[in-house]
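Trainee: My structure is below; once you've seen it, I'll send some questions.
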Amino acid sequence: MNKKLLSTILASTMVLSLALTACGGDKDTTETKKPDDSQGGTTTGGKGKIAYCCSNLGDKSFNDSGEAGMNILRNEGWDVRTVEIGDDSKADKWTDIYLDLIDQGYQYIVGASGQGDYFMPLTSQYPEVKFLVFDDLRTDLPENMSSIFYAQNEGSYLVGMMAAGMSKNHSVAVNVGMENPVINDFVTGFVNGVKDYDPNCSVVTAACGSWADPALMKTLCLDQNRNNNVDVFYQVAGGSGDGLFDAAMETGSWAIGVDSDQWQSYTDGSNPEKANVILTSMLKEVGNSFVSFFHQVEAGEDVWGKTVTLGLADDSVGYVDNDFFKTNVPEDLRNAMADAAAKVKAGELEVKSYYDFASEADYLAYVDAAK
Amino acid sequence: MTIDWIAFAAEVIRMATPLVFAAMAALICRQAGMFNMGIEGMILCSALAAATFAHLFQNVWIGLLGAILIGLLTGLLIAFVSITGKADLYLTCIAFNLASTGGTVFLMFMMTGEKSTTSGAFRSFQIPTIDIPLIKDIPVLGRIISGQSLLTYVAILSIFLMWLLLKRTRLGLRIRAVGENPHAAESVGISVPKVGYISFSICGIMSGLAGAFLSMSWVTYFMRNMANGRGYIGLSAQNMANGEPIGSSIAALFFGFCQALSITMKNQTNFPTEFLEMIPYAATIIALGVTGMLAIRKRRKVESGQAAAKEE
């Protein structure tokens, strides 16, 4: 056997595969801005170097919203670098990426909920570096780490009211990608909103098991439409959510988007007719929260070692109030939603949260009772 | 709670379609003596090709042709590396699958500037569904069999074509001969590499159809990693039936049934989701174990029969 040829081909295949996966955006820097000489350097106040570590850009919601906020900061003169570090399956490389960034002089490392546990060991080793974990509720924060938490239950409560009001069959569904505390908080708020508006409306909750299997999600929703008469769907499922919109189109049902205005992104795309099922989207303004957080840092305020919770009152969660929403949702329902939002803001109405349940079993019992 | 079991059966057939194609792709290589794990990556590449070609030419059929073409090319690529290049087939397939996971996202990003899905950037095209006259009026059967995607009927047809090819044609005999014993086949003048290339081509066409079904029928866009292990499930389906077309498609149907069942149970029961997601894969292991044991028992019977015959 021609061993030389074999080894050459093997080597070239491996190199090719590595090159392609790297280009595929696992650890690839999308945008860098040269540091501004006059700025950067100090960790107390002023504008510094930020490293935004997100799993992958291009999700049209969560990570892209963060990137939009980082772009605002870039325009203000911050030196921001966005690093796509890949999802949980690449977690073994995360610490190395952070160490590289610290070596390159980045003073602020920003990452989403899953990354908090990887930040923790570094906080004591690098006390001069600040860590910000967003979309996470932590109680064990050291002095150089903060977390931003979004009250997604409050926003979900409002779209839950709308779902109950729009459902002709008194049956709605919330379908998620995979279950985790943050996602369960979405579900809790939604169920609470549906039941407060219409106690007779049933809520089906299901996890499709992947953030990128729209085909499975579509089948899941068709099944709910057939067997549970669901006619309003709420997606908290990342890429799989596209399959939910397909199912809503096929069955003539309504859908609710998440994180950013999904009606708008479909309307701007090549298939605008798909937008016509998306009544509204529950907003989670990740980008805005970055901007306000780093403005506080710039002003030299003491923001470290704390968890900041941002909800309706801070305009960090909410729903899209566009023309399509106004045309299709009756006025009294829209007013009821606005009233509830005002009550939550004023502190008169408290929305149930996943973090209030004593145990996972309590949460499951709550969700099952809604069926 | 009322479950519409007729619609459920139709759903099983829909979910089994890509698995049947994947199983057909796997078994033709298996019959030629090669275990082609690269089907997963081939399906992924074809799915992207289907969405891309359909958008570029604004025509669903060109999308389908593009998917078949890319399936064919990727199949020939693996064949070239492993047959002509004599590289290890398993390593080639693993490298190819990894490359296609990243490569499809890379290509999608080059073309659309998106890294997650083409649903916004590319116009969606769907392969039409077909109502079969007469059958569609039969009460239960009509709802199950009629009204499926055109590709589902192609999948059913491909099972019988594959059976005909393997059992009733000269080429099929040669493929099986090479799979059984390449040296013996070579000694009677069959070109082993040529047969290998032909089986990889057929495998490529089948993978192309699977990819087209995912991105132009089930849903109408490409999404990163959208094959989600369906190529591997197809591989184990053919493994359960020892590469027989009819048995493999029954196995693929069984896996489709398990997937559909786990979905219905998610919506209708309180079982933990993680347990339900395990069902299709646990079923794979159990089914492989059971078929393996049956095969061993059969062989033992044959052997003991032969021993008894000798004693007489």
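The values are calculated or read from the model by the stated rules, or taken from the named source; none is laboratory data. As the structure is a computational prediction, the values presented were derived from the model and not from experiment. Here Cβ is always computed from backbone atoms with ideal geometry, including for glycine, and neighbour counts include all displayed protein chains. Heads up: the accessible areas ignore ligands, DNA and RNA and are worked out on the full protein's heavy atoms, side chains in. Shrake-Rupley method; radii C 1.70, N 1.55, O 1.52, S 1.80 Å.
Trainee: Let me know the mean shielding of A:359-366 by other chains, meaning the per-residue number of their Cβ atoms within 10 Å of its Cβ.
Mentor: 0
Trainee: While we're on this one: Using the 2.2 N^0.38 Å rule of thumb for compact globular proteins, work out how the protein assembly as shown stacks up: its C-alpha Rg over that value, please.
Mentor: It is 1.05.
Trainee: Under 5 Å between amide hydrogens, which residues at least 5 positions from A:Gly48 or on another chain qualify, with H placed 1.01 Å from N in the peptide plane?
Mentor: A:Asp79
Trainee: Still on this structure, I have one more. Quick check: from the Cα gyration tensor, does segment A:69-129 come out rounded (a/c under 1.5), prolate or oblate?
Mentor: Note, shape of segment A:69-129 comes out oblate.
Trainee: To continue, here is another question. Around A:Ser202, which amide H atoms from residues at least 5 apart in sequence, or from another chain, sit under 5 Å from its own amide H, with H modelled in the peptide plane?
Mentor: For A:Ser202, whose amide H was placed from the backbone, the distant partners under 5 Å are A:Ser171, A:Val172.
Trainee: Below 8 Å between Cα atoms, with a sequence gap of 6+, how large is the relative contact order for chain A in percent?
Mentor: 17
Trainee: When only Cα pairs under 8 Å and 6 or more residues apart are kept, what is the percent relative contact order across chain B?
Mentor: 33
Trainee: Same structure again: May I ask you to derive the FRET efficiency for B:Asn181 and B:Ala307 from their Cβ-Cβ distance with R0 = 30 Å, giving the value to the nearest 0.05?
Mentor: 0.75
Trainee: In nm, give the distance between the simple-model label positions of B:Gln58 and A:Leu349, each being 7 Å from the Cα along the Cα-to-Cβ direction.
Mentor: About 4.8 nm, to one decimal.
Trainee: Collect residues whose amide H, placed 1.01 Å from N in the peptide plane, falls under 5 Å from the amide H of A:Leu132; neighbours closer than 5 in sequence don't count.
Mentor: A:Ile109, A:Val110, A:Gly111, A:Ser146
Trainee: Which order do peptides A:247-257, A:99-109 fall in by mean Cβ count within 10 Å, highest first?
Mentor: So the order, starting with the most tightly packed, is A:247-257, A:99-109.
Trainee: A follow-up question, please. Compute the angle between helix A:181-197 and the longest alpha-carbon principal axis of chain A, please, reported from 0 to 90 degrees and rounded to the nearest 10.
Mentor: 20
Trainee: While we're on this one: Only Cα pairs within less than 10 Å get springs; with that Gaussian network setup on chain A, which residue of A:Arg334, A:Arg74, A:Arg226 has the largest fluctuation?
Mentor: A:Arg226
Trainee: Ranked from the most accessible area to the least, with a 1.4 Å probe and all protein chains present, what is the order of A:Trp211, A:Trp94? Each step should come with its number before you reach the end.
Mentor: Numbers: A:Trp211 90, A:Trp94 10 Å².
Largest accessible area first, the list is A:Trp211, A:Trp94.
Trainee: Over what distance in Å are the Cα centres of segment B:217-260 and segment A:193-216 separated?
Mentor: 27
Trainee: Determine which residues of segment A:243-283 fall in the zone a paramagnetic label at A:Ala68 would reach in this model, i.e. backbone nitrogen under 18 Å from the point 7 Å along Cα→Cβ.
Mentor: Answer for segment A:243-283: A:256-270, A:275, A:278-283.
Trainee: Take every Cα pair under 8 Å in segment A:216-298 that's 6+ residues apart, average their separations, divide by the length, and report that relative contact order as a whole percent.
Mentor: So the answer I get is 25 percent.
Trainee: Just which residues of segment A:256-273 lose 30 Å² or more accessible area with every protein chain there, against their chain alone, with the probe set to 1.4 Å?
Mentor: A:Ser270, A:Asn271
Trainee: Would you mind calculating the gained length between A:Glu273 and A:Glu76 on full extension (0.36 nm times residue separation, minus the Cα-Cα distance), in nm to one decimal?
Mentor: That pair, A:Glu273 and A:Glu76, stretches by 67.2 nm at full extension.
Trainee: Then there's this: Output the residues of segment B:184-222 meeting this criterion: accessible area (heavy atoms, 1.4 Å probe) in the chain alone minus accessible area with all protein chains in place is 40 Å² or greater.
Mentor: B:Trp218, B:Val219, B:Tyr221
Trainee: Accessible surface of A:Asp321 in the full protein assembly, 1.4 angstrom probe, to the nearest 10 Å²?
Mentor: Accessible surface of A:Asp321 is approximately 90 Å².
Trainee: If you don't mind, another one. Between B:Leu141 and B:Phe271, what is the label-to-label distance in nm when each label sits 7 Å out along the Cα-to-Cβ direction?
Mentor: For the pair B:Leu141/B:Phe271, the computed spacing is 3.1 nm.
Trainee: Using heavy-atom solvent-accessible surface (probe 1.4 Å) with all chains present, what is the largest-first order of B:Trp61, A:Trp304?
Mentor: Sorted descending by solvent-accessible area, the residues read B:Trp61, A:Trp304.
Trainee: Given a Förster distance of 30 angstrom, what is the FRET efficiency for B:Thr84 paired with B:Arg300, based on the Cβ-Cβ distance and rounded to 0.05?
Mentor: Values: r = 41 Å, r/R0 = 1.36.
Taking R0 as 30 Å, the efficiency between B:Thr84 and B:Arg300 is 0.15.
Trainee: Another one. For chain A, what proportion of DSSP beta bridges, expressed in % and rounded to the nearest 5, is antiparallel?
Mentor: Within chain A, antiparallel bridges account for around 10 percent of the total.
Trainee: Turning to a different aspect of this structure: Working with all protein chains in place, sort B:Glu40, A:Glu179 by solvent-accessible area computed with a 1.4 Å probe, largest first.
Mentor: So, going from the largest accessible area down, we get A:Glu179, B:Glu40.
Trainee: Give the Rg/Rh ratio for chain B, taking Rg as the radius of gyration of the Cα atoms and Rh as the Kirkwood radius, to two decimals.
Mentor: That ratio is 1.01, to two decimals.
Trainee: Considering only C-alpha atoms, what is the centroid distance from segment A:65-85 to segment A:221-293, in Å?
Mentor: 26
Trainee: Now for a separate question. Express the carbon and sulfur contribution to the solvent-accessible surface of segment B:5-311 as a percent, rounded to the nearest whole number, probe 1.4 angstrom.
Mentor: Its accessible area is 69 percent carbon and sulfur atoms.
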